[in-house]
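**Student:** Submitted below is the structure of interest, expressed as structure tokens.
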Amino acid sequence: MRPTSLLPILFGFVLTLPAAAAPTTTIAETFDGTLDQATWRLGTLDAIDPAGGDPGAFLHNPQLDSAVPSPVYVGPLPSPFFGNYRAANVTSLGLDVIVYAAGIGVDNKRPVCLVLTSDMGTPGDTSDDCDVYVVGNKNVPRPGSAWRSFDFKVPSGDTTLPNGWTVRGACAGLSANDAWNAVITNVTHVSFPFADPDTLWFVQVWDLGIDNVRIGFAAVR
């Protein structure tokens, strides 16, 4: 997908819910362009496969040497994936994952997670950076399984740390609630690690793919 064409063509829709529900728009990276146009990456051996995705083209890495694969945004700025999530009414993020092979296998307790990071307004100083993350309720698909979708609710309007979310990092010495507010109003990095960020795993070689990396927004009423 070309960086200039991040349009809600695949996933933009109005939810079929009662009239009180707000319309929701989703913007997705569907990897329909060339590799240099891909806004999300896995590693140096990434390639765009034109077919076999969920559906169509997808990002494929046949030999990713990693303990915890972590799809990460590498596209141009400004980006709908970065910035003030509260002002933008962000409601969700997600992606689709497939694993063709893994050197030592895929443990059945390995979830996909969402990590939002803020540079705390000091991009040249990493010492005060802050993460907030949520552990997903579905595990990485085992080799040979079909594509699996992972979607995470992001309660960007909450002004206290939501249930299920964890704060990690120096966070400029802020309390958990203040750290949440600092990150959700200034997201500068997004990733989807294939494990709880506070667990350790052995390095192995993966053959895997991702597709439809997405972010959802509620319409302003």
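**Student:** Return the distance in nm (one decimal) between the two label points of a simple spin-label model at V74 and D36, each offset 7 Å from Cα along Cα→Cβ.
**Tutor:** Taking the two extended label points, one gets 1.4 nm.
**Student:** In the chain, which Cys residues have no partner Cys with a Cβ closer than 4.7 Å?
**Tutor:** So, C113.
**Student:** Label-point separation (nm) for N137 and Y100, each offset 7 Å from Cα along Cα-to-Cβ?
**Tutor:** Result for the modelled spin labels: 3.2 nm.
**Student:** If you find the alpha carbon centre of the stretch 28-82 and of the stretch 180-221, how far apart are they in angstrom?
**Tutor:** Cα centroid to Cα centroid, the span is 13 Å.
**Student:** Right, next: Hey, rough spin-label estimate for T185 and S127, points 7 angstrom out along Cα→Cβ, what's it come to in nanometres?
**Tutor:** Between T185 and S127, the label points sit 2.5 nm apart.
**Student:** How big is the charge dipole of the chain about its Cα centre, in debye rounded to the nearest 20, if each Lys and Arg gets +1 on its Cβ and each Asp and Glu gets -1 on its Cβ?
**Tutor:** Working: 12 positive and 21 negative charges, 124 e Å.
Around 600 debye, computed over the chain.
**Student:** So what's the back-of-envelope 222 nm ellipticity for the chain, counting only DSSP H runs of four-plus at -39500 (n - 2.57) apiece and dividing by all residues, rounded to 500?
**Tutor:** On the way: 2 runs with 13 residues, N = 221.
The helix-only estimate for the chain comes to -1500 deg cm²/dmol at 222 nm.
**Student:** Okay, moving on. For the stretch 80-194, build the charge dipole from Cβ charges (+1 Lys, Arg; -1 Asp, Glu) around the Cα centre, then report which of T185, P162, S149 sits farthest towards its positive end.
**Tutor:** S149
**Student:** Could you put V167, V99 in order of accessible surface area, largest first, with the 1.4 Å probe and the full protein assembly present?
**Tutor:** In descending accessible area the options line up as V167, V99.
**Student:** Give the label of the value calculated from the structure for Cα extents along the principal axes in Å, choosing from [x] 60, 44, 37; [y] 46, 39, 32; [z] 41, 40, 34.
**Tutor:** The calculated read-out lines up with [z].
**Student:** What ³J(HN,Hα) values, in whole Hz, does the Karplus curve 6.51 cos²θ - 1.76 cosθ + 1.60 give for the stretch 189-198 when θ = phi - 60°, with x put for Gly and Pro?
**Tutor:** Values, residue by residue: 7, 9, 8, 10, x, 8, 3, 4, x, 9 Hz.
The values are calculated or read from the model by the stated rules, or taken from the named source; none is laboratory data. Model, not experiment: these values are computed from the prediction. Note: ideal-geometry Cβ built from the backbone for every residue, glycine included; neighbour counts use all protein chains shown. These accessible areas exclude ligands, DNA and RNA; they are computed on the full protein's heavy atoms, side chains included. Shrake-Rupley method; radii C 1.70, N 1.55, O 1.52, S 1.80 Å.
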